[in-house]
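The values are calculated or read from the model by the stated rules, or taken from the named source; none is laboratory data. Predicted, not measured: the structure shown is a model, and the values here were computed from it. Glycine also receives a Cβ, built like all others from the backbone with ideal geometry; neighbour counts cover every protein chain displayed.
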Amino acid sequence: MHYVTVDRTTNGSGTVSELTLEEIKRLDAGSWKSSQFEGEEVPTLEEVLQ
């Protein structure tokens, strides 16, 4: 993530560096944009490059 916190683009809060990957993967990263994207996970770099 390019933000210091997950607050802006997920339903979570806190700094990325204080969360585990498992915790980040449980966050909803789509509903802030639209209900159409509700439930979208934060992808890892490996997932983005596939």
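Numerical summary
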read-out: Conditions (1) in a helix (DSSP H, G or I); (2) at pLDDT below 95; number of the one not met by residue 24; value: (2)
read-out: Whichever residue in segment 1-13 is surrounded by 13 or more Cβ atoms within 10 Å (Cβ to Cβ) and assigned to a loop (DSSP other than H, G, I, E, B) and, among such residues, is modelled with the lowest pLDDT; value: 1
read-out: Hey, residue 15 of a type in the set (Ser, Thr, Tyr) and either in contact (Cβ under 8 Å) with a residue 60 or more places away in the chain or touching a Ser or Thr at 6+ places or on another chain (Cβ under 6 Å) (or both) or not; value: yes
read-out: Residue list for segment 17-38, filter: among the basic types (Lys, Arg) and under 16 Å from residue 3 (Cβ atoms); value: 33
read-out: Residue in segment 36-43 that is part of a loop (DSSP other than H, G, I, E, B) and touching a residue at least 24 places away in the same chain (Cβ under 8 Å) present; value: yes
